[in-house]
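Below is one structure, written out as structure tokens; the observations come after it.
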Amino acid sequence: MDTQTTIERAQAVLAGGCDSPVRSGWGVNAPMFVQTRAHGASAYDENGRRYIDYIMAYGPLLFGHTHPSLVTNLDEIARDGFVWGTTHPEEIRLAERIRSYLPSMERMRFVSTGTEAVMSAIRVARAYTRRNLILKFAGNYHGHTDLALLNAGASAYTSDAAASGIPAGVMRDVVVARYNDLESVDVFLRGREDELAAVIVEPIVGNMGYVTPVSGFLEGLRERTQRYGALLIFDEVITWLRFGLHGAQGRIGVAPDMTTIGKIMGGGAPIAAFGGREEIMRVLAPEGQTFTGGTHGGNPFCVAMAHRVIDLLVEHPEYYDYMDGLARRLAEGIRGHFRERSLPYTVVQSESIVDFKFRPGPPNRNYDDALAADRVKYAAYYAAMFERGILLPPSQNEVMFVSVAHTHADIDDTIAAIGESL
């Protein structure tokens, strides 16, 4: 089939030819990848060619595409309807299960996307504190609301706020600090401490490459928000379930006031949630005066999918060790190629995430590091890997996600392709 014709058709009816800019391939100066099907760890183009997929829908496909436990007998959970617009027992049970793993989410509300979850959490934080100022971090991605897009990571290059449709009023109520830098936080908040409603942060970052918090960073945010009477919001849209049932907060041992989750929870189905301490969540109507809501929030189909995802992880705890083993094998293979060629790049790996940047030196610690990576080199690398049947994210800000569906053969083929591509 003629992929170029398909791209032209897309450009004639879809804005930019796609529904999310990164899909266009502009970040790597490559043609848009047109996919027709997927199975396991494999994505297929219009001509039926197989690619080993490390995008995994940008994180949520922990089990790969079409895992039997998720796609079998879907008629059973669709039989009584996709959406009701009413509260139901399985929605309550799902909230109870989530709270058992994330105790900081004493009360929660379901929505459809991570963007909605973050938008709602920020509104609640402002209502609870009766303040407006939000502090976020450059390179952290929290969806595509106005506030969240300022200096965001992922594929959201927002260098000109006005040209991006972000009003000046929004910019007055947000400050953007440097990740892993408490001094930067203090500088931006100096004199405005009593205006601060919340600090929102990815506790472990997957949107400017893979970045871990340095010792004391999240603890410092916890101490400052408590001192200033503000809230600490953890965006765990990527990290919850990717880093275990207790998420990043369970691993790090820092409890936020509010949490947002999504993506992986539905195994690909659109479901997300935001929640926090009981007294905070009481500001929401009908108890309080703050409105959030949506017809699809907690719909029975997506809730049933989320139960299937959690069931699968509970029944197969060995999945985490399996993915970690594959990711370690991949990371060490990449390191071997770098050693052979005396390339000064650092490979990072944690659980099922593998990442490196075309930037000499230690791993990324902030967005400045991420922006210093060589985008031209990554574009050439992306094209060389694509030619060899490896589907990488078309943006150097993203990471490689390993899934349960990947095999040792997939990893070995990928390592070989990396050697040839380099």
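The candidate values are (i) 64, 62, 50; (ii) 82, 51, 35; (iii) 58, 54, 46; the one derived from this structure for Cα extents along the principal axes in Å carries the label (iii).
With neighbour counts taken as other beta-carbon atoms within 10 Å, the residues PHE234, PHE358, PHE110 rank, fewest first, as PHE358, PHE110, PHE234. Under the convention that each Lys and Arg Cβ holds +1 and each Asp and Glu Cβ holds -1, the size of the dipole of the chain around its Cα centre is about 640 debye.
3J(HN,Hα) couplings calculated from phi for the range 246-251 with the Karplus curve 6.51 cos²θ - 1.76 cosθ + 1.60 (θ = phi - 60°) are, in sequence order, 9, x, 5, 5, x, 6 Hz; Gly and Pro show x. Charge tally for GLY250 (other residues, Cβ to Cβ under 14 Å; Lys, Arg +1; Asp, Glu -1): +1.
Charged side chains reduced to their Cβ positions (Lys and Arg at +1, Asp and Glu at -1) give the range 73-314 a dipole of some 200 debye around its Cα centre. A simple packing score, the average count of other Cβ atoms within 10 Å per residue, orders the peptides 276-283, 5-12 as 276-283, 5-12, with the highest score first. The fewest-to-most ranking of LEU312, LEU326 by surrounding Cβ atoms within 10 Å reads LEU312, LEU326.
Putting +1 on Lys and Arg Cβ atoms and -1 on Asp and Glu Cβ atoms, find which of VAL34, ALA12, ILE77 reaches farthest to the positive end of the dipole of the range 1-77. Sorting the options by dipole projection puts first VAL34.
Roughly speaking, what is the stretch gain from ASP2 to ARG375, that is 0.36 nm per residue apart minus the C-alpha to C-alpha distance, in nm to one decimal?
Details: separation 373, 0.36 × 373 = 134.28 nm, distance 2.84 nm.
The span from ASP2 to ARG375 would gain 131.4 nm if fully extended.
Projecting the Cα positions of VAL283, PRO363, THR225 onto the charge dipole of the chain (unit charges on Cβ atoms of Lys, Arg, Asp and Glu, taken about the Cα centre) puts THR225 furthest along the positive direction.
When you restrict to C-alpha pairs under 8 Å that are six or more residues apart and normalise by the size of the chain, the relative contact order lands at 23 percent.
As a rough footprinting exposure proxy, the listed residues VAL28, VAL83, VAL176 were ranked by other beta carbons within 10 Å of their own, and the order from fewest upward is VAL83, VAL176, VAL28.
Label separation (ARG50 vs GLU223): 5.4 nm, computed from points 7 Å beyond Cα along the C-beta direction.
Laboratory data are not the source of any read-out in this text; all were calculated from the coordinates shown. What you are looking at is a predicted structure, and each value in this text was computed from that prediction instead of being measured. Ideal geometry is used to build each Cβ from the backbone, glycine not excepted, and the neighbour counts take in all protein chains shown.
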